[in-house]
Structures are given as C-alpha cells and as structure tokens.
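Visitor: Would you mind keeping the following structure in view while I ask a few things?
Just so it is clear, none of the values below were taken in a lab; they were calculated from the coordinates. Keep in mind the model is a prediction, meaning the values are calculated, not measured. Counting neighbours? That spans all protein chains shown, and the Cβs are built from the backbone with ideal geometry, glycine included.
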Amino acid sequence: MPNTREQDRLQSLAPDRSDRIFSQQDLWYFKIREGDEIGPFRYRSEAQSNLDGFMEQLRNKLKHTQQA
C-alpha cells in the first residue's frame, strides 16, 4: 500500500505543468523532473501538447508497472 505522506511530498515537489513550459529565443520548451529540456517547438500549444503526451506515457508506464 502506498505511503500517502510520501505521495503528498512527491506531488508537492513536482512543479505545475504550466510552470514547466518556457520560451527562449522565440522557441518553446518544457522541462521534465530530471531537469532535461525538451524542444524546441515553434508554438506554446505544441510544447503543451507534447508535454501532455509525455505525461500520459509516464502514467501508462506507471500503471503497467503497478499491475505487474
């Protein structure tokens, strides 16, 4: 059974997804927890869409790991 205090701590350490997206020299990027920057993208909406897809992949991977 997961430790809820640990989950709360980890969630509080994770930045809000909107804080992960940033612009540099008219191009858009997003940061992942490990500190890597993903991009460049021409539009903020493109960075947001890719971030959403990245997060969905992580959720699916976590779900499959927990079911195994």
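Visitor: Based on the alpha-carbon gyration tensor of region 16-67, what equivalent-ellipsoid semi-axes (square roots of 5 times the eigenvalues) come out, in whole Å, largest first? Write out the running numbers ahead of the final one.
Guide: Working: eigenvalues 113, 22, 13 Å².
Three semi-axes, in Å: 24, 10, 8.
Visitor: Taking the Cβ of residue 38 as the centre, find all other residues whose Cβ is under 10 Å away and add up their charges (Lys, Arg: +1; Asp, Glu: -1). Can you show the working numbers first?
Guide: Values: positive: 20, 31; negative: 36, 37.
Taking every other residue near residue 38 into account, the sum is 0.
Visitor: Output ³J(HN,Hα) for region 33-40: one whole-Hz value per residue in order, computed from phi by the Karplus curve 6.51 cos²θ - 1.76 cosθ + 1.60 with θ = phi - 60°, and x for Gly and Pro.
Guide: Rounded to whole hertz, the list is 3, 5, x, 6, 9, 10, x, x.
Visitor: Next up: 7 Å from Cα along Cα→Cβ at both residue 19 and residue 65: what's the point-to-point distance in nm?
Guide: My value for the distance between the label points is 2.3 nm.
Visitor: So for each of 57-66, 39-48, 26-35 I average, over its residues, the number of other beta carbons within 10 Å; can you give me the resulting order with the highest mean first? Before the final figure, lay out the partial values.
Guide: Values: 57-66: 9.7, 39-48: 14.8, 26-35: 13.3.
Descending mean neighbour count gives 39-48, 26-35, 57-66.
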